[in-house]
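Below: one structure, written as structure tokens.
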Amino acid sequence: MASENYADFEVMIQRVAWALRLTPEEFKDHVNAHRMDVFHTIPDPQTGRSFMVGEEFTSRLKKIGKRYLDSNPAQKVRTDFNSFVEELRAKFSEFFVGTERARDESQMNRWIGSAMRATLKKQSASTHYVPCALIFSQTVKQFEVGPVTFYHTSEFFRIFGDEIEGLREKIRARHQERVTESIKKGYAAKDAATPE
């Protein structure tokens with residue numbers, strides 16, 4: 001896997017070098033011949049603008065991302081592939097465009113690791129409350145199926161009851177503020193939503 005990643009990485013480095021050398025005439029000729037390449041860009045950290053690197057770059061980027069996630073199943077289930085690819089794209093620019101950083105396998109691995117950390121940092125854990133019926137609901141308080149934990153109603157409210165009530169209070173307070181603001185702005189008090 002590492003050698004496959006490095007081979008793809010080298011092609012990506014070559015694509016960036018090629019893109020940075022293009023003259024305006026060469027750019028125009030290339031875009032006329034390969035219209036979709038213009039949609040495959042990376043940010044330039046020095047100027048803040050993006051420049052075209054082509055479909056081949058994105059294809060290699062996705063292959064590296066897929067291989068990395070396939071080799072790390074624990075992270076794969078917690079990571080959105082497209083978000084990871086976009087972080088790889090952004091971090092690639094940060095690591096290798098206009099820097100003196102070595103373009104070797106260890107730096108490639110640091111780049112991938114940095115992109116994964118950034119992806120995980122941006123993703124927030126979400127809790128979904130899905131009602132379901134447990135057959136032996138008096139004896140089983142909770143059980144897990146993969147990353148999902150199912151709770152008996154009493155156990156659920158014991159664990160999450162205060163958090164849910166806190167959220168309700170915040171929603172109620174926000175609602176009351178909006179009603180008060182609406183009335184101050186001239187909305188008829190009799191037509192305003194109830195304070196509760």
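The values are calculated or read from the model by the stated rules, or taken from the named source; none is laboratory data. Being a predicted model, the structure only gives us computed values, none of them experimental. Note: ideal-geometry Cβ built from the backbone for every residue, glycine included; neighbour counts use all protein chains shown.
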Options Met108, Met1; residue that is at pLDDT 90 or above and within 21 Å of Thr119 (Cβ to Cβ)
Met108
For region 90-105, give me each residue that is out of contact with any Lys or Arg (no Cβ under 8 Å at 6 or more places or on another chain) and either part of a helix (DSSP H, G or I) or under 14 Å from Phe9 (Cβ atoms) (or both).
Ala90, Lys91, Phe92, Ser93, Glu94, Val97, Arg101, Ala102, Arg103, Asp104, Glu105
In region 78-95, is there at least one residue being in contact with a Leu (Cβ under 8 Å, 6 or more places away or on another chain) and among the charged types (D, E, K, R)?
yes
Exactly one condition in (1) touching a residue at least 12 places away in the same chain (Cβ under 8 Å); (2) part of a helix (DSSP H, G or I) is false for Pro45; which is it?
(2)
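Here is a yes/no grid of residues against (1) surrounded by 11 or more Cβ atoms within 10 Å (Cβ to Cβ); (2) more than 16 Å from Pro131 (Cβ to Cβ); (3) in contact (Cβ under 8 Å) with a residue 60 or more places away in the chain:
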{"site": "Ile159", "(1), (2), (3)": "yes, no, no"}
{"site": "Glu163", "(1), (2), (3)": "no, yes, no"}
{"site": "Leu167", "(1), (2), (3)": "yes, yes, no"}
{"site": "Lys170", "(1), (2), (3)": "no, yes, no"}
{"site": "His175", "(1), (2), (3)": "yes, yes, no"}
{"site": "Val179", "(1), (2), (3)": "yes, yes, no"}
{"site": "Gly186", "(1), (2), (3)": "no, yes, no"}
For residues in region 59-79 being small (Gly, Ala, Ser) and over 15 Å from Ala115 (Cβ atoms), which is surrounded by the most Cβ atoms within 10 Å (Cβ to Cβ)?
Ser59
Being surrounded by fewer than 17 Cβ atoms within 10 Å (Cβ to Cβ) and without any contact (Cβ under 8 Å) to a residue 60 or more places away in the chain: is that true of Val38 here?
yes
Identify, please: which residue in region 1-42 is assigned to a helix (DSSP H, G or I) and β-branched (Val, Ile, Thr) and is, among those, farthest from Lys91 (Cα to Cα)?
Val31
Criterion (crowded, with 18+ Cβ neighbours inside 10 Å, among the acidic types (Asp, Glu), touching a residue at least 24 places away in the same chain (Cβ under 8 Å) and part of a helix (DSSP H, G or I)) met by exactly one of Glu87, Glu56
Glu87
